[in-house]
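Some notes on the structure that comes next.
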Amino acid sequence: MSEPPVKARRTVIIEADPKTVFEFLIDPTLMAEWFGIRHVLEPRVGGKFEVEVSSGNIATGVFTEVVPGRRVAFTWGWQSGDAALAALRPGTSRVQIDLEPHEKGTLLRLTHTGLPKNLENIHA
């Protein structure tokens, strides 16, 4: 019997308005400034989410929610030669990023659900 999936959460304040932060989550050129080495992003429900995080390790899924300036959500799994990563198959887990205005800019809340116990801190 497998262990129940776990949830990872992170919260950060970014000194930029939610509209600007949102663009860094959906625009491949802007995302490249902070995350990953290759990006294929189709930011619409059902659109492709694919980021080569490090050489040969590709996070892949589909967008499930895109609310401009407020929320992005997508499924997440790995195409990888690393057996530990590959254990989390594409579509297995879900990432949700919520953006809220904050006096210092934007409060970003990331929630990653459906993670197996051994991968709960893989992207921390």
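Counting pairwise Cα distances across the chain, what percent come out greater than 27 angstrom? The share of Cα pairs beyond 27 Å in the chain comes to 15 percent. A Förster radius of 35 Å, combined with the Cβ-Cβ distance separating residue 70 from residue 117, puts the computed FRET efficiency at roughly 0.70. Between the listed residues 22, 93, 41, the Cα displaced farthest toward the positive end of the dipole of the chain, a dipole computed from Cβ unit charges relative to the Cα centre, is found at 93.
Think of it as helices only: each DSSP H run of n ≥ 4 in the chain is worth -39500 (n - 2.57), and spread over all residues that comes to -3000 deg cm²/dmol at 222 nm.
Under a 5 Å amide H cut-off, with hydrogens placed 1.01 Å from N, residue 92 pairs with 76 among residues at least 5 apart or on other chains. Solvent exposure of residue 17, expressed as accessible area, is near 80 Å², computed with a probe of 1.4 Å over the protein chains only.
Summing charges over neighbours of residue 58, with a neighbour being any other residue whose Cβ is under 14 Å away from its Cβ, gives 0 when K and R count +1 and D and E count -1. Residues in region 6-122 average 53 Å² of solvent-accessible surface per residue, probe 1.4 Å, ligands and nucleic acids excluded. Surface composition of the chain: carbon and sulfur make up 54 percent of the accessible area, probe 1.4 Å. Within region 8-54, the GluC sites (Glu not before Pro) that combine a DSSP coil assignment with at most 16 other C-beta atoms in a 10 angstrom radius are 15, 33. Only Lys, Arg, Asp and Glu carry charge here, each on its Cβ (+1 for the first two, -1 for the last two); on that basis region 6-122 has a dipole of about 440 debye about its Cα centre.
The values are calculated or read from the model by the stated rules, or taken from the named source; none is laboratory data. What you are looking at is a predicted structure, and each value in this text was computed from that prediction instead of being measured. All Cβ positions, even for glycine, are placed from backbone atoms using ideal geometry, and neighbour counts span all protein chains on display. Calculation scope for accessible area: heavy atoms of the full protein, side chains included, ligands and nucleic acids excluded. Shrake-Rupley method; radii C 1.70, N 1.55, O 1.52, S 1.80 Å.
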